[in-house]
1. Given a 1.4 Å probe and every protein chain left where it sits, what share in percent of the accessible area of region 1-69 is carbon and sulfur?
2. Solvent-accessible area per residue for region 22-83 at a 1.4 Å probe radius, Å²?
3. With +1 on each Lys and Arg Cβ and -1 on each Asp and Glu Cβ, and nothing else charged, work out how big the dipole of the chain is about its Cα centre, in Debye to the nearest 20.
4. What is the chain's relative contact order, in percent, from Cα pairs under 8 angstrom and six or more apart in sequence?
Amino acid sequence: DHRPDKIVINFNFTLSPSSSITVARDGVPLPAGKPTLAPNNLSMSTPVTGSSSSGLYVVDYKACWPDNSCHNGRFAFTIGAGP
């Protein structure tokens, strides 16, 4: 089974705790808590709940620097129905 259990986003700059990640499946937001920052503050992650369901997953993130300026981004992936 290749279904993801978490989203990890890597950056080439130091993140601050005000960074965030949200995940939606087919337009419906999935429960997510505050992302976990890596010890070096160069990546953040969040669990993916409900990834056993097929559909279009859209990940929105806000990556914030220590000075609290932020960059927003988005990417998507699809999970197909199993055999």
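The values are calculated or read from the model by the stated rules, or taken from the named source; none is laboratory data. In this text the structure is predicted, and so the values were computed from the model without any measurement. Note that each Cβ is placed from the backbone with ideal geometry, even for glycine, and that neighbours are counted across all protein chains shown. Areas reflect the complete protein model, heavy atoms only, side chains present, ligands, DNA and RNA absent. Shrake-Rupley method; radii C 1.70, N 1.55, O 1.52, S 1.80 Å.
1. Carbon and sulfur together cover 54 percent of it.
2. For region 22-83, the solvent-accessible area averages 60 Å² per residue.
3. Computed about the Cα centre, the dipole is about 40 debye.
4. Here the relative contact order equals 33 percent.
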